[in-house]
Every structure is written in C-alpha cells, then in structure tokens.
Amino acid sequence: MTAAHVLPVLMLVASNVFMTVAWYGHLKFPTAALWLVVLVSWSIALIEYALAVPANRLGHTVYSTAQLKTMQEVITLVVFAGFSVLVLKEQLTLNHLIGFGCIALGAWFVFRGPF
C-alpha cells in the first residue's frame, strides 16, 4: 500500500465528517435562522470540498472513478450512521443495517470486478 492508496481514503473520511456536519448538524438547532444555518453549512462544506477534490485527484492515480465514488458512498454511510446515533441521538434499526449491508455488497462487486 502506498500513500496514494491510503491518503485519499483518509481525506474522504475527513471530508465526509465535514459534509455530514454541514448537512445535518443544524438539526440540533431547530430555532436557528435558516439564512444563518445555510451560511454556516456552506462554510463547513467549503472545507469538505477542499478535502474531497484533492482526495479524488490523488486517488484517481490508483483507483477508478467508480471505486472512488463507491468508497465515498460507503464512507458517507458509516459517518452518517455514527453521527445519527452519537449526535442526533437517533436509533439505527435492523432495516437500516440491512439496507447499508446491501450497499456494502454493491461496493464489494465494484472492487471485485471486472467480471
């Protein structure tokens, strides 16, 4: 494994943390003004883009675009699940886990191919 294999994954994890906070963090503050929520969310999302774009550029040297997108989606689900439970105090149910498992199976096929 080289830095080109590992660094994009770490950058995608970090970018997804920022994006999840940008998209869902405001739900903890339902009385905040919408214009302020949008402004803060865009500011946080800028950090996400500053990580995701270079992650994809570097990652594309060793991964296909489909693999990068699949990684991003799986990372997004893991980060979202953790955020949902730890920050928003929502439950993950069996149907959520089954759905996430189906997506993980799809990811396996993307990385296993071509057939």
Original post:
Of all residues in the stretch 20-42 being touching a residue at least 24 places away in the same chain (Cβ under 8 Å) and not polar (S, T, N, Q), which is farthest from Y63 (Cα to Cα)?
Top reply: K28
**OP:** Scan the stretch 20-50 for residues that are under 18 Å from F83 (Cα atoms), assigned to a helix (DSSP H, G or I) and not hydrophobic (A, V, I, L, M, F, W, C) and jot them down.
**Re:** T20, Y24, G25, H26, K28, S41, E48
**OP:** Give the residues of the stretch 79-91 that are aliphatic (A, V, I, L, M) and farther than 13 Å from S15 by Cα, sorted by residue number.
**Re:** A81, V85, L86, V87, L88
Original post:
Can you name the number of the only condition in (1) touching a Gly at 6+ places or on another chain (Cβ under 9 Å); (2) under 28 Å from L94 (Cα atoms); (3) not basic (K, R) that S41 fails?
Top reply: (2)
Subject >> Unmet criterion (only one of (1) surrounded by 14 or more Cβ atoms within 10 Å (Cβ to Cβ); (2) touching a residue at least 12 places away in the same chain (Cβ under 8 Å); (3) assigned to a helix (DSSP H, G or I); (4) of a type in the set (A, V, I, L, M, F, W, C)) for V62 >> reply: (3)
Original post:
Exactly one of (1) under 27 Å from K89 (Cα atoms); (2) in contact (Cβ under 8 Å) with a residue 40 or more places away in the chain; (3) part of a loop (DSSP other than H, G, I, E, B) is unmet by V17. Its number?
Top reply: (3)
Subject >> Hey, E73 assigned to a helix (DSSP H, G or I), touching a residue at least 24 places away in the same chain (Cβ under 8 Å), among the charged types (D, E, K, R) and over 23 Å from G113 (Cα atoms) or not >> reply: no
Original post:
Applying the selection to the stretch 76-111, what residues are in contact (Cβ under 8 Å) with a residue 40 or more places away in the chain and touching an Asp or Glu at 6+ places or on another chain (Cβ under 9 Å)?
Top reply: S84
**OP:** Keeping to the stretch 65-101, report how many residues are over 18 Å from W23 (Cβ atoms), of a type in the set (A, V, I, L, M) and crowded, with 16+ Cβ neighbours inside 10 Å.
**Re:** 2
Original post:
Does the stretch 43-57 contain at least one residue that is touching a helix residue (DSSP H, G or I) at 6+ places or on another chain (Cβ under 7 Å) and over 17 Å from V13 (Cβ atoms)?
Top reply: no
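Every number here is computed from the coordinates shown, using simple stated rules; none is lab data. Keep in mind that what you see is a predicted model, and the values were worked out from it rather than measured. Every residue, glycine among them, receives a Cβ derived from its backbone with ideal geometry; neighbour counts consider all protein chains shown.
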